[in-house]
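Below is one structure, written out as structure tokens, with a few remarks after it.
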Amino acid sequence: MSVKVTTKCTYRRRTLTQNALFLQHVASINIDYYQPSRDVQEQFDTFYATALRLLDQFYPQHAIMTTSHYPTMSALKLKHF
């Protein structure tokens, strides 16, 4: 007898529409992080925060619960619908 293990999985669904909207938005914004007076770490932190904000805006995270009785990829595809 096997023990049923439940795991929470997060994923970002990607569609052609989301990709098109993301590319349209990114093409219209100015991403200029280079400022000689700023620290390299601060510039990277600014870039990372912006990239993460865009990722969350256009590709929000979804969470599902899977069990050990289903293969992970199958469960993600099935629960997506």
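Any residue at all in the stretch 44-54 that is of a type outside the set (Val, Ile, Thr), within 20 Å of Gln18 (Cα to Cα) and at pLDDT below 80?
Checked the stretch 44-54: no residue is of a type outside the set (Val, Ile, Thr), within 20 Å of Gln18 (Cα to Cα) and at pLDDT below 80.
Which of the residues that make up the stretch 19-64 are within 12 Å of the chain's Cα centre (by Cα) and of a type outside the set (A, V, I, L, M, F, W, C)? Working first, answer last.
Start the filter on the stretch 19-64 by keeping residues that are within 12 Å of the chain's Cα centre (by Cα), which leaves 51-63.
Once the filter is applied, which keeps residues that are within 12 Å of the chain's Cα centre (by Cα) and of a type outside the set (A, V, I, L, M, F, W, C), the stretch 19-64 yields Arg53, Asp56, Gln57, Tyr59, Pro60, Gln61, His62.
Among the residues of the stretch 3-14, is there at least one that is surrounded by 12 or more Cβ atoms within 10 Å (Cβ to Cβ), modelled with pLDDT of 70 or more and assigned to a helix (DSSP H, G or I)?
No, every residue in the stretch 3-14 fails to be surrounded by 12 or more Cβ atoms within 10 Å (Cβ to Cβ), modelled with pLDDT of 70 or more and assigned to a helix (DSSP H, G or I).
Residues of the stretch 45-65 being surrounded by 10 or more Cβ atoms within 10 Å (Cβ to Cβ) and touching a residue at least 40 places away in the same chain (Cβ under 8 Å), which ones?
Leu55, Phe58, Tyr59, Pro60, Gln61, His62, Ile64, Met65
So which residues in the stretch 58-74 are at pLDDT 70 or above and among the aromatic types (Phe, Trp, Tyr)?
Let us first name the residues in the stretch 58-74 that are at pLDDT 70 or above, namely 58-69.
Passing the criteria: Phe58, Tyr59.
The values are calculated or read from the model by the stated rules, or taken from the named source; none is laboratory data. These numbers were taken from a predicted model, which means no experiment stands behind them. All Cβ positions, glycine included, derive from the backbone under ideal geometry; neighbour counts span all protein chains shown.
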